Amino acid sequence: MSKNDDNKIITELSEKEYEAGFVTDIETEVFPAGLNEDIIRQLSAKKNEPQFMLDFRLKAFRKWLTMTEPDWGHLEYEKPNFQAISYYAAPKSTAKYNSIDEVDPELIKTFEKLGIPLNEQKALSGVAVDVVMDSVSVHTTFKETLKEKGIIFCSISEAIQDYPELVEKYIASVVPAGDNFYSALNSAVFTDGSFAYIPKGVRCPMELSTYFRINQANTGQFERTLLIADEGSYVSYLEGCTAPQRDENQLHAAVVEIVALKDAEVKYSTVQNWYPGNKEGKGGVYNFVTKRGICKGDNSKISWTQVETGSAVTWKYPSTILKGDNSVGEFYSVAVTNNFQQADTGTKMIHIGKKTKSTIISKGISLGRSNNSYRGLVKIGPKAHDARNYSQCDSLLIGDTCGAHTFPYIESENPSAIVEHEATTSKVSEDQIFYCNQRGLDTESAVSLIINGFAKEVLNKLPMEFAVEAQKLLALTLEGSVG
Amino acid sequence: MSKTLIKIENLKANIDGKEILKGIDLEIKEGEVHAIMGPNGSGKSTLASVLAGREIYEVTGGKVEFNSKNLLDLSPEERSREGVFLAFQYPIEIPGVSITNFMKAAVEQHREHKGLEPLSPSAFLKMMKEKKELVEIGSKLANRAVNQGFSGGEKKKNEVFQMAMLEPKLAILDETDSGLDIDALRVVSNGVNKLKNKKNGFLVITHYQRLLDYIVPDVIHVLYNGKIVKTGGKELALELEEKGYDWIKE
Ligand SMILES: Nc1ncnc2c1ncn2[C@@H]1O[C@H](COP(=O)(O)OP(=O)(O)O)[C@@H](O)[C@H]1O
Ligand SMILES: [Mg+2]
């Protein structure tokens, strides 16, 4: 492919401005910037939390003070100034609504602009939506239906009030507060997030869905998500994100914890579309997330599926601890980076139990001047007899100013384990583009189609509800929707 | 007299500064089938690529009028939407993209160009079914990724299938017969013959006379060293078969 063609393709794609870039004008209450024990006490008091939560936060904060930001990622960015961030911003209208009509119309407009159908239609289509906007849940649907089955799906703040024993038992049981710099920070200052508990033997009848949206200027986001699947239960959980366009970098440091007990299965799907910064690499969200699940009981299963197109800097490794015998961990990921975006993502599969199995399929797509790294750890403990892992990491380069890097780490302490790793790097060729052009497809559609084909294995893992979101994000016709 | 579909005048093209096409003149009228024969390296694929708008070739002279438009002014995708189809000598693999989705995207862009509404999924699938029958390809093939792991015959059938889907005004077949066994050759030729009508035209590039038993041309051109050195009726193919290409080199 001639350099000119490359550049043309890249600019054409780069010129797609971030369509979700607008700001919602909702009155908010904001804490002064800065972080100290006082702020944490105030925050906890504001949220009317029990003592154990305050203690948990303070302990995490003290730990955080002793830690330094990790810098081993294949990332370059200006470190956030944690004292310049306000740690609490709640939309003023925090009342719970019985009907959609009561919700602030500005908020509804925002969601409509994003094309998020937060309305009865969505509810009718079987999706319970728990919206987190600037840290506080504002709308929950279908809670009643879920309640009949004994399923709890609410904001973590509500869970702290209503189910403190469950929260106390499981919070930080998968991601200890001191696990890393960002998880410590999150533990100290998280304002909201989602909580779900699926009781024994219950199959959750609908996809649980949360749309996150960062809205307040200069407000860090510290969501906390805790999902517990009791014995023999099943749940599919969807997390989707978009953020309005801004100049300052915004920090996002969420913690997601999943506990799967004996015979339980959890599917966790993410479509992430945070503002990646402009074409010059200015602005954009810093996404430093700790996501981890534990297959605690025998025969349990956790699957992570993610489509990552946003953020200026992404640092994210959804991981699974395979503790129960015969437990299964899966990780399916598509990460697209463009312009000056940097992504360092991957997974960790920690095999502890016997006959544990993990599968990793990672598809990285780089355009523009972006850098896309896969970092994966497969660790086989001494007791993980007959453990198996299969990893496949494919990179697709579009143009020649971008980069793809693969860092697979394998640590095996059990000789009966079988670990397989395959990696490929390919470029979109001029022959492919011309072939598509000859059939009447413009170059942008051709690239979309090729990207789509490349990522198909992962996209096919997404629940139907999310397929539409992913399609919008990748601007492609999803494979398998016809014929 | 029928209308001129494409008129190529004194077309010259270079690659990497080397002149490959040295002044081609060719006119195809609606309803006509023209064949281009010639030894390897004479510039047959180059002519096909230049007509399809491949940018690695530099057009250094001449003009091409297609359907009353200056073809050389159009981008490759515009040429396609205007009705130029190229069945590739070496079809390209597009991993992970099913033929169904590939064709859906292509048909949509063609329809948009014509100011038509997108087809409903069921109408599209019906069209797929009809065209698949035309080239005797199974439904399984259409769910596979474009050309990925296809046999030579499957690739060529897939090209003719796509041609049937897009219903071009001018179809250029670049050695669609090469590497085909007699059955596949029959299927491919039948497909082409069924698609032939009074309004469209074909430019069939082949190395062998064999194909022309199935697709009967109105005119045969012999291309040698970037120039058309002979033009005649279908008896020219037989003469070439008998005497070999050395005959025209003299
Ligand atoms: N990419 C290229 N770079 C340089 N020369 C080329 C290239 N492609 C084709 N050629 C040359 O152009 C001439 C014509 O090739 P081609 O059109 O493929 O012939 P044919 O299809 O008749 O066999 C040959 O001499 C070939 O070597
Ligand atoms: Mg050729």
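Things to note:
- Label-to-label distance, A:THR425 versus B:TRP247, with points set 7 angstrom from Cα along the beta-carbon direction: 5.4 nm.
- Inter-chain neighbour count for A:440-447: the average number of beta-carbon atoms from partner chains within 10 Å of each residue's beta-carbon is 6.
- Compared with the dominant principal axis of the Cα atoms in chain B, helix B:152-166 is inclined by about 80°.
- Sorted ascending by nearby beta carbons within 10 Å, beginning with the fewest, B:THR176, B:THR46, A:THR290 become B:THR46, A:THR290, B:THR176.
- Once the Cα atoms are used to define both axes, helix B:99-113 deviates from the longest principal axis of chain B by about 80 degrees.
- Under 12 Å, Cβ to Cβ, from B:TYR208 - net charge with Lys/Arg +1 and Asp/Glu -1: -3
- Unsatisfied cross-links (Cα-Cα over 26 Å) in the set B:LYS44/B:LYS156; A:LYS456/B:LYS196; B:LYS196/B:LYS243; A:LYS262/A:LYS363; B:LYS18/B:LYS69; B:LYS169/B:LYS243: A:LYS456/B:LYS196; B:LYS196/B:LYS243; A:LYS262/A:LYS363; B:LYS18/B:LYS69; B:LYS169/B:LYS243
- 14 Å beta-carbon shell around A:LYS355, net charge (K/R +1, D/E -1): +3
- Panel order for B:GLU112, A:GLU148, A:GLU430, by other beta carbons found within 10 Å of each beta carbon, from fewest to most: A:GLU148, B:GLU112, A:GLU430.
- Computed [θ] at 222 nm, helices only, for chain B once each DSSP H run of length n ≥ 4 contributes -39500 (n - 2.57): -11000 deg cm²/dmol
- Amide H to amide H, with H built 1.01 Å from N, A:ALA404 comes under 5 Å of A:ASN372, counting only residues 5 or more places away or on other chains.
- Expressed in units of 2.2 N^0.38 Å, where N is the residue count, the Cα radius of gyration of the stretch B:4-243 is 0.99.
Since every read-out is calculated from the coordinates, none of them should be taken as a lab result. Because the structure is a prediction, the values reported are computed rather than measured. Positions of Cβ are backbone-derived with ideal geometry, glycine not excepted, and every protein chain shown enters the neighbour counts.
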